[in-house]
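The values are calculated or read from the model by the stated rules, or taken from the named source; none is laboratory data. Since the structure is predicted, the reported quantities are computational estimates derived from the model, not experimental observations. Note that each Cβ is placed from the backbone with ideal geometry, even for glycine, and that neighbours are counted across all protein chains shown. What goes into the accessible areas is simple: the full protein's heavy atoms, side chains included, and nothing from ligands, DNA or RNA. Shrake-Rupley method; radii C 1.70, N 1.55, O 1.52, S 1.80 Å.
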Amino acid sequence: SDVSDISFVFKETDIEAGGDRMDMCQGVSNAYVIRYNENGEAIPANECMAFACDYQSFLESHDFCYAYHLWTCLLRIDTGINRIRGRHKEDQSSRMRVKVGMDSICWRYFLEKGNEVGCRGVQSVSLLCMKRITLPGLTIKRRVGHLKSDLLRFETESDLIGLAGLLGERVLVNVRAKPPFSRLENGRDIKENDAVNVVNGGETRPNVFRNRVDSDGVDLIFDGIDSLTISVRYSAYQLDGGPHLTDMAKRIILLSRPRSVMEGGVEEEKEEEEEEEDIQVYLNEDFEHEGSFYRVSRIENNRIFARLIQVSNPTEAMRARYVGDEEEFANITYVIDKINERY
């Protein structure tokens with residue numbers, strides 16, 4: 001039978017340990033913490049795993065875990081939106097798009113949740129995309145195309161509360177500030193002169209749907225194949241916010257504290273400090289390497305692996321590689337730059 005709903009249950013030790021699984025738990029409506037078993041005893045570390053695939057016995061007989069697959073997808077979307085709202089440039093625009101991997105299983109879950117919170121029904125739109133075609137002689141060209149896609153829009157205050165219940169409260173607010181140079185033990189409190197990027201929901205929904213709008217909101221556009229385009233429209237405010245912020249945004253700002261970096265010594269200051277990126281957002285993204293195309297298959301412990309999906313260089317060096325082979329890329333920055341070149 002079809003899955004109607006799902007809950008994510010973590011142990012207190014998992015939350016305290018942190019990591020990409022637990023970063024967005026705050027505010028997720030169906031995420032729970034379990035501390036004790038039925039006897040009132042603390043749960044041992046090797047019991048009550050968060051996902052079925054964490055058990056060795058599951059991996060021996062199954063190759064797909066729905067809960068872990070869905071949580072990973074939610075994490076990618078959360079990371080993508082955080083990349084947008086965490087931009088610190090002074091001349092940034094009030095809207096931006098990013099693209100992440102997604103399949104129809106996760107999209108169906110979002111549609112169900114969108115209906116629960118009262119979002120406008122899914123809309124059919126034309127998404128501008130780059131199509132790769134192979135010409136005679138194995139020459140690969142990219143051409144502009146239009147792909148029929150589905151759009152789910154979160155635009156009112158109630159819509160955004162529902163989105164926060166899916167991805168965590170802080171998906172709607174982030175501080176416009178670079179990570180601190182020094183390694184602080186208790187984090188960095190937001191200051192009076194800090195600016196924040198906030199997605200503010202409207203009170204009412206327009207009667208007529210328009211693809212391009214200026215009001216704040218989050219659009220999720222699924223191409224029906226394997227990718228989701230996230231379009232975020234937001235506003236910038238000083239910390240005090242003023243009367244324009246919604247009650248939910250004000251509450252999140254009061255709780256907001258930029259994540260502190262790991263404990264340790266003081267780093268040397270750099271002339272230009274690059275923004276920290278969560279590389280999990282690049283999962284299932286494609287890139288070109290030595291004339292062939294790869295797709296990022298997994299990212300573990302700051303190690304990135306990709307599968308060969310198309311060979312286009314008929315040299316002796318390439319004949320030893322076959323479609324489907326997985327390869328580790330030691331230079332993560334190189335892979336990220338190659339992925340960004342596509343956009």
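Within segment 147-160, track down each residue that is assigned to a strand (DSSP E or B) and in contact with a helix residue (DSSP H, G or I) (Cβ under 8 Å, 6 or more places away or on another chain).
ASP150, LEU152, ARG153, PHE154 - these are the residues of segment 147-160 that are assigned to a strand (DSSP E or B) and in contact with a helix residue (DSSP H, G or I) (Cβ under 8 Å, 6 or more places away or on another chain).
Could you grab me the full set of residues in segment 81-107 that are open to solvent by less than 40 Å² (accessible area, probe 1.4 Å), over 17 Å from GLU285 (Cβ atoms), in a helix (DSSP H, G or I) and not basic (Lys, Arg)?
Within segment 81-107, TRP107 is the sole residue that qualifies.
For residues that are crowded, with 17+ Cβ neighbours inside 10 Å and either more than 19 Å from ASP78 (Cβ to Cβ) or at pLDDT below 60 (or both), scanning just segment 216-240, find the one that is nearest to the chain's Cα centre (by Cα).
Result: ASP223.
When you scan segment 186-199, do you find a residue that is buried (at least 20 other Cβ atoms within 10 Å of the Cβ), at pLDDT below 80 and over 30 Å from ASN284 (Cβ atoms), even just one?
yes
Considering every residue within segment 134-146, establish whether at least one is assigned to a loop (DSSP other than H, G, I, E, B), on the phi > 0 side of the Ramachandran plot and open to solvent by 40 Å² or more (accessible area, probe 1.4 Å).
Yes, segment 134-146 contains at least one residue that is assigned to a loop (DSSP other than H, G, I, E, B), on the phi > 0 side of the Ramachandran plot and open to solvent by 40 Å² or more (accessible area, probe 1.4 Å).
Kindly check whether there is at least one residue in segment 109-122 that is assigned to a loop (DSSP other than H, G, I, E, B), surrounded by fewer than 15 Cβ atoms within 10 Å (Cβ to Cβ) and touching a residue at least 12 places away in the same chain (Cβ under 8 Å).
Within segment 109-122, one or more residues are assigned to a loop (DSSP other than H, G, I, E, B), surrounded by fewer than 15 Cβ atoms within 10 Å (Cβ to Cβ) and touching a residue at least 12 places away in the same chain (Cβ under 8 Å).
Would you be able to tell me the number of residues in segment 27-73 that are open to solvent by 40 Å² or more (accessible area, probe 1.4 Å), in contact (Cβ under 8 Å) with a residue 12 or more places away in the chain and part of a loop (DSSP other than H, G, I, E, B)?
Residues in segment 27-73 being open to solvent by 40 Å² or more (accessible area, probe 1.4 Å), in contact (Cβ under 8 Å) with a residue 12 or more places away in the chain and part of a loop (DSSP other than H, G, I, E, B): 4 in total.
Could you list, in sequence order, the residues of segment 72-96 that are more than 16 Å from ASN174 (Cα to Cα) and touching a strand residue (DSSP E or B) at 6+ places or on another chain (Cβ under 6 Å)?
Passing the criteria: only ARG76.
Residue-wise test of (1) of a type outside the set (A, V, I, L, M, F, W, C); (2) surrounded by 15 or more Cβ atoms within 10 Å (Cβ to Cβ); (3) at pLDDT 85 or above; (4) within 22 Å of the chain's Cα centre (by Cα).
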{"position": "LEU128", "(1), (2), (3), (4)": "no, no, no, yes"}
{"position": "LYS131", "(1), (2), (3), (4)": "yes, no, no, no"}
{"position": "ASP150", "(1), (2), (3), (4)": "yes, yes, yes, yes"}
{"position": "ARG153", "(1), (2), (3), (4)": "yes, yes, yes, yes"}
{"position": "GLU157", "(1), (2), (3), (4)": "yes, yes, yes, yes"}
